[in-house]
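Visitor: A single structure is presented below for examination.
The values are calculated or read from the model by the stated rules, or taken from the named source; none is laboratory data. None of these values were measured; they are calculated from a predicted model. Note that we place each Cβ from the backbone using ideal geometry, even for glycine, and neighbour counts take in every protein chain shown. Each accessible area value is taken on the protein alone, full model and side chains, heavy atoms only, with ligands, DNA and RNA left out. Shrake-Rupley method; radii C 1.70, N 1.55, O 1.52, S 1.80 Å.
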Amino acid sequence: MKNVPELTPREYYRLPWSLTDNAISWLEVTDDCNLACEGCYRPHIKNHKSLEQIAEELAVFKARRKSDCMSIAGGDPLVHPQIVEIVRMVKEAGWKPIINTNGLALGMKLLRKLKDAGAYGFTFHVDTTQIRSDSEAVTEKQHNALRLKYAQMLAEVGGLSCSFNQTVCVDTLDQVKDTIEWAQQYPDLVHTMVFILFRTPELYGDYDVFANGKPVDITKTYERPDWGGDSLLKAKHVVAKIRELDADYQPCAYLSGDQDPNSTKWLLASRLASKDQSFGYVGPRSMEAIQNGHHFFKGTWLSYTDPKQNRRGRTTMMLLSLFDKQTRAVAKRWFSNLLKKPSSLFDPVHMQSFMVIQPIDVLEDGRANMCDGCPDMTVHEGELYWSCRLEEIKEYGCFLQGVKPDGSQPRPH
Ligand code: SF4
């Protein structure tokens, strides 16, 4: 893979999310799904959790962890027959319910019921690693029509946060530009675009993998190794790709790895733009002010900004530019555009976020490098686990461990 510049996380704001005080938590309501994507590592079992089980898991979250949002996931949560009731329970317990779905089961009637029950937003997973029954798209660019359909459905109901997840592997890295270019046309409809790097058995390199001392074939857990290519994708590769399209692109905040302080496991960039003009990306101090302001007034770290607030990007920009040089440069661009085109005074300015998530990577000495302050912690049998590695717990009762062929153990965590 092409050499690209390293990222400089020390220049970004380190998101203050932790195990006990986070922006997001992750509730899985079923393993069942209405798609059968080859790369999915979940067995599609009809094991919908009962409302009692869900209430118990919510109680575990309440006792152990504060968070602003609750991602409701699966499988696909919309195939759970009591999804509306679940959303209501999450809302009544004090979280912002975010539904993580492939969108296939979402019609306008269900969407309105979910909004009435308290849904705060949706994260749609749409990409070419899926085998979708509602699309014949074979490129990410072709998938933009389906993304737009979901974004417009949410806009029709109004007041809902709209995000998209896209898995990125070596083969689709170049197409990141097509999705970004599309999202940038709709800052009013698309609030967040998330690129998640594909996991491959190549993670473990030359290591043999063991569970409870017994060798394990990890291709069972990490299917479709061919999609991963022969080298590991990192956040820096996606950043370089976005910059080919948008030279201004600049991350402002990150989560490091819990083993490698220089890794950028969650990388956030927030852009201010009107429908037809981009003004640039906010700086780290702006994100620090946003996070700390939210924690001071609401008691939780923020994720998924209120769509009403996203539309008030001009006010946000003016306030943040008081103490952030980078955001001040954004405001200056807005002013110079205003001088050239005075009628743009009334054009709304939107805040739109682009995120890159780099899941588990294995360091040279065998340590698994996880997101430090994982926002996607889920509950399983009364305990909190990284949701991205829950399959290991369910299948082997422990996390997998890489061991060098000469028998040496990884450095202990
Ligand atoms: S550790 Fe895994 S589950 Fe947690 S945020 Fe990172 S990728 Fe997601």
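Visitor: Leaving ligands, DNA and RNA out of it, work out the accessible area of I131 with a 1.4 Å probe and give it in Å² to the nearest 10.
Guide: Number for this one is 90 Å².
Visitor: For segment 342-411, what number results from the quotient of the Cα radius of gyration and 2.2 N^0.38 Å? Walk me through the numbers before you get to the answer.
Guide: Working: Rg = 20.3 Å, N = 70, 2.2 N^0.38 = 11.1 Å.
So the Cα radius of gyration is 1.84 times the expected 2.2 N^0.38 Å.
Visitor: May I pose another question? Quick one: work out Rg over Rh on the C-alpha atoms of segment 329-378, Rh as Kirkwood radius.
Guide: Values: Rg = 21.0 Å, Rh = 15.3 Å.
Radius of gyration relative to Kirkwood radius: 1.37.
Visitor: Please give me the summed charge of the neighbours of V138: other residues whose Cβ is under 12 Å from its Cβ, Lys and Arg +1, Asp and Glu -1.
Guide: Working: positive: R132, K141; negative: D127, E136, E140, D171.
Counting the neighbours of V138, the net charge comes to -2.
Visitor: In whole angstrom, how far apart do the alpha carbon centroids of segment 55-92 and segment 120-196 sit?
Guide: Taking the Cα centre of segment 120-196 as reference, the centre of segment 55-92 is 24 Å away.
Visitor: Tell me, Kirkwood radius of the chain from alpha-carbon pair distances, in Å?
Guide: Details: mean 1/r = 0.0454 Å⁻¹.
About 22.0 Å, per the Kirkwood formula over Cα pairs.
Visitor: Let me ask another. Using DSSP to call loops (not H, G, I, E or B), can you name the GluC sites (Glu not before Pro) in segment 91-160 whose Cβ has at most 15 other Cβ atoms within 10 angstrom?
Guide: On the way: sites: E92, E136, E140, E156; in loops: E136.
Loop-located and lightly packed - E136.
Visitor: How high is the FRET efficiency between F297 and A63 when r is their beta carbon distance and R₀ equals 30 Å, given to the nearest 0.05?
Guide: Numbers: r = 24 Å, r/R0 = 0.80.
After rounding to 0.05, the efficiency reads 0.80.
Visitor: Moving on. What FRET efficiency comes out for D217 versus L148 if R0 is 45 angstrom and r is the Cβ-Cβ distance? Round to the nearest 0.05.
Guide: Values: r = 41 Å, r/R0 = 0.91.
Between D217 and L148 the formula returns 0.65.
Visitor: For segment 242-306 and segment 331-373, compute the distance between their C-alpha centroids and round to whole Å.
Guide: Here the answer is 5 Å between Cα centres.
Visitor: I've got another one for you. Using θ = phi - 60° and the Karplus form 6.51 cos²θ - 1.76 cosθ + 1.60, what ³J(HN,Hα) does each residue of segment 263-278 get, whole Hz, x for Gly and Pro?
Guide: Here the 3J(HN,Hα) series is 7, 10, 7, 10, 10, 10, 10, 10, 10, 10, 7, 8, 4, 10, 8, 9 Hz.
Visitor: Leaving out same-chain residues fewer than 8 places away, which lysines sit with a Cα under 22 Å from that of K46?
Guide: Reachable lysines: K220, K394.
Visitor: Here is a follow-up. Work out how much length Q82 to K341 would gain on full extension: take 0.36 nm times their residue separation and subtract the Cα-Cα distance, in nm to one decimal. Display every interim value, and only then the final one.
Guide: Values: separation 259, 0.36 × 259 = 93.24 nm, distance 5.11 nm.
That works out to 88.1 nm of additional length.
Visitor: Just to check, using Stokes-Einstein with a Kirkwood Rh over alpha carbon pairs, what's the diffusion coefficient of segment 42-103 at 37 °C and 0.692 mPa s in µm²/s?
Guide: Details: Rh = 12.2 Å.
Approximately 270 µm²/s, per Stokes-Einstein.
Visitor: Something else: Given points 7 Å out from each Cα along the Cα-Cβ axis, report the L319 to K2 separation in nanometres with one decimal.
Guide: Inter-label distance under the simple model: 3.9 nm.
Visitor: Next up: How large a share of the accessible area of segment 1-70, in percent, is made up of carbon and sulfur atoms when the probe is 1.4 Å and the other protein chains stay in place?
Guide: Values: 1990 of 3530 Å².
Taking all protein chains in place, segment 1-70 shows 56 percent carbon and sulfur surface.
Visitor: Only Cα pairs within less than 10 Å get springs; with that Gaussian network setup on the chain, which residue of L233, L268, L339 has the largest fluctuation?
Guide: Looking only at L233, L268, L339, the largest GNM fluctuation is found for L339.
Visitor: Averaged per residue, what accessible area in Å² does the chain show with a 1.4 Å probe, protein chains only?
Guide: On the way: 17930 Å² over 413 residues.
On a per-residue basis, 43 Å².
Visitor: Going through the cross-link list K149/K241; K115/K308; K66/K298; K66/K236; K275/K325, which pairs have a Cα-Cα distance over 19 Å in this structure? Intermediate values should be presented prior to the final figure.
Guide: Details: K149/K241 26 Å; K115/K308 15 Å; K66/K298 11 Å; K66/K236 30 Å; K275/K325 24 Å.
Checking Cα-Cα distances, K149/K241; K66/K236; K275/K325 exceed 19 Å.
Visitor: Considering only DSSP states other than H, G, I, E and B, which GluC sites (Glu not before Pro) in segment 21-77 qualify as loop sites with at most 13 other Cβ atoms within 10 Å? Before the final figure, lay out the partial values.
Guide: Numbers: sites: E28, E38, E52, E56, E57; in loops: E38.
Those that pass, being in a loop and sparsely packed, are E38.
Visitor: Okay, next question. Ignoring ligands, DNA and RNA, please state the percent of accessible area on segment 286-336 from carbon and sulfur, probe 1.4 Å. If you can, show how the numbers build up before the last one.
Guide: Numbers: 1760 of 2900 Å².
Ligands and nucleic acids excluded, carbon and sulfur give 60 percent.
Visitor: Pick from D31, D188, D116 the residue whose mean-square fluctuation is largest in a GNM of the chain, springs joining Cα atoms under 10 Å.
Guide: D116
Visitor: Also: What's the FRET efficiency of A93 with E156 using the Cβ-Cβ distance as r and R₀ = 25 Å, to the nearest 0.05?
Guide: Details: r = 28 Å, r/R0 = 1.12.
After rounding, the FRET efficiency stands at 0.35.
Visitor: Could you tell me what fraction of 2.2 N^0.38 Å the Cα radius of gyration of segment 264-413 comes to, as a two-decimal ratio? Kindly include the intermediate steps, with their values, before the conclusion.
Guide: Details: Rg = 21.5 Å, N = 150, 2.2 N^0.38 = 14.8 Å.
For segment 264-413, the normalised Cα radius of gyration comes out at 1.46.
Visitor: When Lys and Arg each count +1 and Asp and Glu each count -1, what net charge do the other residues less than 11 Å away from S67, Cβ to Cβ, add up to? The partial results should precede the final answer.
Guide: Working: positive: K62, R64, R65, K66, K96; negative: D21, D68, D376.
Result for the neighbourhood of S67: +2.
Visitor: List the trypsin sites (Lys or Arg not before Pro) within segment 37-111 that fall in a DSSP loop (any state other than H, G, I, E or B) and whose Cβ has at most 14 other Cβ atoms within 10 Å.
Guide: K46
Visitor: Comparing K234, K177, K308, which has the greatest mean-square fluctuation in the GNM of the chain with Cα pairs linked when under 10 Å apart?
Guide: Maximum among the listed residues: K308.
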